[in-house]
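The block underneath contains the structure these notes are about, expressed in structure tokens.
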Amino acid sequence: MLDAEKSLIKKVKKGNQRAFRKLYELHAGYALRTAYGMTKNHEAASDIVQETFLKVFRFIDQYDPNRSFKAWFYQILINTGRSYLRKQSKEPFAVESEEIIDYLHHQHAEENMLENHEQLEDALDQLSETYRTILLLKYVNECTEKEIAEILELNINTVKSRLYRARNQMKKWLGGAELDQEKSR
């Protein structure tokens, strides 16, 4: 964790709202993109991020400074997003083509490989929430596999396996061959 972030967290723990605002500014963008990736809905993503930051503020005293703040934060975000999705599971989600395309253009994905945006939408829609979440954490939020394991409370080998399967599914659905196991290890 950065020294500046550690200092902000100490100030937030003391109730400093200005420090909380700075912490918000550091994480809000990626958090919003992650929540949008989970829901494909801007309003829902905004609500999830807002709820996440309320939980962070409310439970900051429970944060263990020996643990990565990023992992702690994203664990709250993912759990809040999952909770939202469970509540909304009976309602269909609107997928707006242009918004997904714009969203993906701002990500760290390999856009050069993705010429057909409709195929990309279909592939993302076919991914399970589990795989979509792992890909978002890895490529949008640039989390390490170790951080993802901590966030999702999984064994690191499970994370690696799910990343491999998610990438394979995406590649397969986008018309590429499955990844060669020896090349990916």
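A few points about this structure:
- With neighbour counts taken as other beta-carbon atoms within 10 Å, the residues 171, 14 rank, fewest first, as 14, 171.
- Ascending count of other beta-carbon atoms within 10 Å, so fewest first, for 23, 85: 85, 23
- Counting neighbouring Cβ atoms within 10 Å and putting the fewest first, the residues 46, 7 line up as 7, 46.
The numbers here are math on the coordinates, done by the rules we state, and not lab data. Remember, it's a predicted structure, so these values are computed and weren't measured experimentally. All Cβ positions, even for glycine, are placed from backbone atoms using ideal geometry, and neighbour counts span all protein chains on display.
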